[in-house]
Each structure stands twice: as structure tokens, then as C-alpha cells.
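**Student:** The following block contains the structure, expressed as C-alpha cells.
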Amino acid sequence: MTKPIHLLIVGAPGAGKGTQAAGLAEAYGVPAISTGDIFRENIKNGTELGKRVQEITAQGRLVPDTLTNDLIADRLSQADAQEGFLLDGYPRTRGQVEFLTQLLEERGAKIDAVVQLQTDTDAVVERLLKRAQEQGRVDDTEDVIRHRQEVYEQETAPVVDIYAERGVVVEVDGMGTVDEVGRRILDGLKAKGF
Ligand code: AMP
């Protein structure tokens, strides 16, 4: 049996992260777990958790670490996550990194690789703007789109730095077709021995 692999994927909004996460998870036979998706699902279903996070997520603020960490501990304790996983959108703060590190340590595991999708901000903004116009999303102005990119940069940089110090970050050029980028991700991981 192959060793379980524990992966993170990070990338700016509009970088095609969700699509790549799905393909990557399938390639390694692990579940793709997105905290954003779990929050959205809970909001849609009107659960207690959903009610607690609805306003926070609507404002684009971060859900408190205690809540997010509890959620991820519960999700990672489920049967399908025992033989590795791919996390998308978590960890987002230093506190979350510490919590995850501890949680994995208790399982005798660690984050093996962090796939960082690198994109050209101007090109991504242009693409998102075009999509917003096509879909009639008038609220998605260039300012709003650029602001989301900045928030991502500020939020993610410290988290990626921690993993970079541990030598597990795999930088991947995220510009190109889904297949091209997907291939680069697999090649990058292979080069690391995965
Ligand atoms: P996403 O789809 O990953 O951008 O997540 C949507 C929203 O869910 C975010 O804007 C946050 O409000 C919340 N969220 C998702 N993941 C986290 C996390 N790791 N920590 C705190 N809040 C999160």
C-alpha cells in the first residue's frame, strides 16, 4: 500500500483552484476538503453552524479559528480522510496552521506538500471581469475583484511562508488550460517524490 499523502492547495480567487483540487484529489485517491464549501453547504441547509457563519462569510471575513478548527478536526476524523486528504481554503491563519500541525502529529503525519498556484493578477482580474460582465454580475467591479486578490495575498502569504520554511511548497505556474496546469501540478509533486 502506498503511504497516505496530505496535501494543501493554495491559489488566488479565479486561479481555477477548485477545478485543480478535484483533479488532484482524484489522481491521488484522497478526498478534496474545502472549508468554504462546508460553510456554504451549512448555510444552504440552515444548520446551527450555517447560521453562525452566514454573516461572517457574506462580509468576506474569516470565521473564528475555534469554529473552523473544530470543523476541520471533525471532518478529518471521518473514515475517508484516514488515508490522506487534500485541503483547500484551510489553513488560513497561523493559529490554524498550528492546530493542523498538532492534529496531524497525533496521527504520526504531516503536510507533505503545498501546491501553490501562481497566477498573473492582471490576467486573472481581466478574466473575472469578463465573466462578471457575461453573467451580469454588476457588483463584481474591477475594484471589488482586485480587493479580493489583495485579501488573498495578505491572508495566504504568512501561511505559505511557514510551509516554505519547512521546504514543502511546490510552486506551479497556474496560467494555461486546465489540462496544462493539472499536468504541471502532477509533475511538480512527482519531482518531490510523490
Ligand atoms: P472560500 O470559498 O475558501 O473563499 O471560503 C468562503 C468563506 O468561508 C471565506 O470568505 C470565509 O468567510 C470562510 N472560510 C473558509 N475557509 C476558512 C478558514 N480556513 N478560516 C476562516 N474562514 C474561512
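**Student:** Condition test on ASP65, is it under 18 Å from the mean Cα position of the chain (by Cα), within 12 Å of the ligand (Cβ to nearest atom) and touching a residue at least 12 places away in the same chain (Cβ under 8 Å)? Don't jump to the end; show me each part of the working.
**Tutor:** Details: under 18 Å from the mean Cα position of the chain (by Cα): yes; within 12 Å of the ligand (Cβ to nearest atom): yes; touching a residue at least 12 places away in the same chain (Cβ under 8 Å): yes.
Here the answer is yes, as ASP65 does meet what is asked.
**Student:** A follow-up question, please. Select from the stretch 60-97 the residues that are surrounded by fewer than 18 Cβ atoms within 10 Å (Cβ to Cβ) and on the phi > 0 side of the Ramachandran plot and list them in ascending order.
**Tutor:** GLY60
**Student:** From the residues in the stretch 77-98 that are within 13 Å of the ligand (Cβ to nearest atom) and among the aliphatic types (A, V, I, L, M), which one is nearest to the chain's Cα centre (by Cα)?
**Tutor:** Only one residue tops the list, namely LEU87.
**Student:** A follow-up question, please. From the residues in the stretch 1-29 that are assigned to a strand (DSSP E or B) and closer than 13 Å to GLY89 by Cα, which one is modelled with the lowest pLDDT? I'd like the intermediate steps shown before the answer.
**Tutor:** Our first condition is that a residue be assigned to a strand (DSSP E or B); within the stretch 1-29, this holds for 5-11.
Filter once more, keeping what is closer than 13 Å to GLY89 by Cα: 7-11.
Details: LEU7: 98, LEU8: 98, ILE9: 98, VAL10: 96, GLY11: 92.
Only one residue tops the list, namely GLY11.
**Student:** Could you say whether any residue in the stretch 34-57 is closer than 25 Å to LYS3 by Cα and at pLDDT 95 or above? Before the answer, list the steps.
**Tutor:** Step one: of the stretch 34-57, the residues closer than 25 Å to LYS3 by Cα are 34-35.
Those left that are additionally at pLDDT 95 or above: 34-35.
Yes: one or more hits.
**Student:** Being in a strand (DSSP E or B) and under 20 Å from PHE194 (Cβ atoms), is that true of even one residue in the stretch 88-102?
**Tutor:** Of all residues in the stretch 88-102, those in a strand (DSSP E or B) come to 88.
Now drop any that are not under 20 Å from PHE194 (Cβ atoms), which leaves 88.
So far as the stretch 88-102 goes, yes, one or more of its residues are in a strand (DSSP E or B) and under 20 Å from PHE194 (Cβ atoms).
**Student:** Another question, then. Does the stretch 16-25 contain any residue that is out of contact with any helix residue (DSSP H, G or I) (no Cβ under 8 Å at 6 or more places or on another chain), within 10 Å of the ligand (Cβ to nearest atom) and of a type outside the set (A, V, I, L, M)?
**Tutor:** Residues of the stretch 16-25 that are out of contact with any helix residue (DSSP H, G or I) (no Cβ under 8 Å at 6 or more places or on another chain), as a first pass: 17-18, 21-22, 25.
Subset that is within 10 Å of the ligand (Cβ to nearest atom): 17-18.
When the remaining residues are screened for being of a type outside the set (A, V, I, L, M), the result is 17-18.
Taking every residue of the stretch 16-25 in turn, at least one turns out to be out of contact with any helix residue (DSSP H, G or I) (no Cβ under 8 Å at 6 or more places or on another chain), within 10 Å of the ligand (Cβ to nearest atom) and of a type outside the set (A, V, I, L, M).
**Student:** Which of the residues spanning the stretch 32-52 are within 21 Å of VAL10 (Cβ to Cβ), crowded, with 16+ Cβ neighbours inside 10 Å and within 11 Å of the ligand (Cβ to nearest atom)? Write out each step before concluding.
**Tutor:** Start the filter on the stretch 32-52 by keeping residues that are within 21 Å of VAL10 (Cβ to Cβ), which leaves 32-40.
Right, trim to crowded, with 16+ Cβ neighbours inside 10 Å and you get 32-35, 38-39.
Of everything in the stretch 32-52, those that are within 21 Å of VAL10 (Cβ to Cβ), crowded, with 16+ Cβ neighbours inside 10 Å and within 11 Å of the ligand (Cβ to nearest atom) turn out to be ILE33, SER34, THR35, ILE38, PHE39.
The values are calculated or read from the model by the stated rules, or taken from the named source; none is laboratory data. Please read all numbers here as calculations on a predicted model, not as lab measurements. Every residue, glycine as well, gets a Cβ built from its backbone with ideal geometry; the counts of neighbours run over all protein chains shown.
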